[in-house]
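The values are calculated or read from the model by the stated rules, or taken from the named source; none is laboratory data. Just so we're clear, the structure is a prediction, and the values are computed from it rather than from any experiment. All Cβ positions, glycine included, derive from the backbone under ideal geometry; neighbour counts span all protein chains shown. Side chains are part of the model used for accessible areas, which takes the heavy atoms of the whole protein and leaves out ligands, DNA and RNA. Shrake-Rupley method; radii C 1.70, N 1.55, O 1.52, S 1.80 Å.
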Amino acid sequence: MPRPWKRLAGTSGPDKKGLSGKRTKTENSNELSALVENSNAQTTSDSKNHGQNLSNYWLMKTEPESRLEKGVDVKFSIEDLKAEPEQTACWDGVRNYQARNFLRAMKLEDEAFFYHSNCKEPGIAGLVKIVKEAYPDHTQFEKNSPHYDPSSKKDNPKWFMVDVQLVRKLKRFISLAELKTYHQAHKTSDGPLKNMALFTRQRLSIQSLTQEEFDFILHLEEKEAN
DNA sequence: GCCAACGTTGGC
DNA sequence: GCCAACGTTGGC
């Protein structure tokens, strides 16, 4: 899959409109995954939201260090997001169906962890929220974009993006190494991170989290780093 | 529709 | 920079 990064919001004026997410407190992520996972559905199956207002939780990977792809720097760190107008950016460049389907399942105000990948210190740097639901990713039509997709047609776009806004940086950086320690421990203790997608769906750039996973990770910022 | 070859992701 | 994991492609 393509990279997760995104790039500026400038090109796409974020707007807001709204709705709320859903999520039942049971296995959400699993059921959500089941709904969303492999379908290539094109139409925006308008949200399967039974009128609940439960939120979904996500993890979105981005590369905080410079790397050129087709001559274009794909770097996008939490500091880059912070520097954007309204601290908002569009999340372009996702070129994997499963990740795309998650993007399309995101609802306004859903929260996501902002994850730094492919870098010196991988891990969760901050919290963002969805401020614009899925709409076509314009970079798929741009020949000079590293994410140009000649097979995608304007009247039937393949790839989508959302806009995210910084909520805040976490009080401390939560490294992949730390999360992995918990993941390993939880596999035997039946703890909240035992099935975390970061470890079980290694290469997925957009992942969904259960409420338990989200809450557990968020509470880690209050503790000392291991 | 199988599956080998190939390309990408991303930690280390 | 290496390379394991795993998604995608395309021949058959």
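Below are the figures for this structure:
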{"quantity": "Check: the range A:77-226 dipole with +1 on Lys, Arg Cβ and -1 on Asp, Glu Cβ, in debye", "calculated": "480 debye"}
{"quantity": "Cut-off under 5 Å, modelled amide H: who pairs with residue A:57 long-range", "calculated": "A:209"}
{"quantity": "Cα-based shape type of the range A:155-222, given that a ≥ b ≥ c are square roots of the gyration tensor eigenvalues and the cut on a/c is 1.5", "calculated": "oblate"}
{"quantity": "Spin-label pair residue A:215/residue A:180, simplified geometry with 7 Å Cα→Cβ offset, distance in nm", "calculated": "2.8 nm"}
{"quantity": "Positive-pole candidate from A:119, A:94, A:134, dipole of the range A:86-184, charges at beta carbon", "calculated": "A:119"}
{"quantity": "Where A:62, A:181 fall by accessible area, highest first, once all protein chains stay in place (1.4 Å)", "calculated": "A:181, A:62"}
